[in-house]
Amino acid sequence: MTIPVPSAERGDSDAADVTRQQRPSAGDPIPSNCAVIQVHVADLKQLFHSIDPSPFRQRDLDPNAEEFIVGWAQEEPTDAQLALVVHLDRPVGLPEEPATVRDAVHEFFGQRAAASRRRLRRLFRRGRTSLLIGLTFLAVSVLLGDAISSLLGERRVGEILRESLLIGGWVAMWHPMEVFLYEWWPIRADARLADRLSAMPVRISYSRAPDS
């Protein structure tokens, strides 16, 4: 069963707020100019998909955790350096724990960036094919319309058929125009955001020092 990730209050999310917290922490240093994404969970298992059988470093993030992290990052300026702080409600764990979490987060968003770029390449291939088909159909429509108009002369039906074929030709251009004008840039933006998330420093903040 997937456990939802609680939404931390965002407020002022700069690194100074993190360093002021009186909690032991471990992991990557957080530069002072970072936009810090803060996630609060009871256990690290909540960050990752519970049914993913992959080794811990290769697991997918839990969908709720992914949505929360991506949503927070999307609200930050596109040129801001990102960082992730995971607040845990338990004592300090194993020394390698922060590096394991960082590697898993980086791997997940690296794969997301690669998947977005594959989608973009497929979209452009489909767009080029659609453009070729659309231009061919438009050219045939114009030529056929002109031929019908010449054949029927000044008759009203000739003008109607010519205009109908011309409209049909431009309708065939709608999909390639949509691809090259509108559909590609959200995918590229997603890839760039995933690149930033796959390189961000990750730090874990614990509730207290190890139990003696």
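Checking each residue in segment 11-40 for being in contact with a helix residue (DSSP H, G or I) (Cβ under 7 Å, 6 or more places away or on another chain), within 25 Å of F108 (Cβ to Cβ) and either surrounded by fewer than 19 Cβ atoms within 10 Å (Cβ to Cβ) or at pLDDT below 90 (or both) picks out A26, G27, D28, P31.
Screening F108 on (1) closer than 21 Å to V41 by Cβ; (2) in the same structural domain as P186 (by TED's automatic domain parsing) shows it passes everything except condition (2).
Are any residues in segment 130-143 of a type outside the set (S, T, Y) and surrounded by fewer than 16 Cβ atoms within 10 Å (Cβ to Cβ), and if so, which ones? Don't jump to the end; show me each part of the working.
Here is the first cut: in segment 130-143, the residues of a type outside the set (S, T, Y) are 131-135, 137-140, 142-143.
Of everything in segment 130-143, those that are of a type outside the set (S, T, Y) and surrounded by fewer than 16 Cβ atoms within 10 Å (Cβ to Cβ) turn out to be L132, I133, L135, A139, V140, V142, L143.
Look at segment 71-92: where a residue is more than 30 Å from R188 (Cα to Cα) and surrounded by 11 or more Cβ atoms within 10 Å (Cβ to Cβ) and a partner is β-branched (V, I, T) and at pLDDT below 95, sitting 6+ places away or on another chain with Cβ atoms under 9 Å, you get H87/V39; H87/V41; H87/I204; L88/V41; L88/I204; D89/V41; V92/I204. When you scan segment 42-59, do you find a residue that is within 16 Å of R102 (Cα to Cα), at pLDDT 80 or above and assigned to a loop (DSSP other than H, G, I, E, B), even just one? Scanning segment 42-59, I find at least one residue that is within 16 Å of R102 (Cα to Cα), at pLDDT 80 or above and assigned to a loop (DSSP other than H, G, I, E, B), so the answer is yes.
Of all residues in segment 160-199, those that are over 11 Å from the mean Cα position of the chain (by Cα), surrounded by 15 or more Cβ atoms within 10 Å (Cβ to Cβ) and charged (D, E, K, R) total 2.
Restricted to segment 142-163, and to residues there that are in contact with a Ser or Thr (Cβ under 9 Å, 6 or more places away or on another chain) and of a type in the set (G, A, S), the residue that is farthest from R119 (Cα to Cα) is G158. Within segment 144-159, the set of residues being among the small types (G, A, S) and surrounded by 12 or more Cβ atoms within 10 Å (Cβ to Cβ) comprises G145, A147, S149, G158. Taking the criterion of being free of Cβ contacts under 8 Å to residues at least 60 places away in the same chain, over 24 Å from D28 (Cα atoms) and surrounded by 15 or more Cβ atoms within 10 Å (Cβ to Cβ), the only residue of segment 102-129 that qualifies is G127.
The values are calculated or read from the model by the stated rules, or taken from the named source; none is laboratory data. It should be emphasised that the depicted structure is a prediction, and the values quoted were computed from it without experimental measurement. A quick note on method: Cβ atoms are made from the backbone with ideal geometry, for glycine too, and the neighbour counts reach across all protein chains shown.
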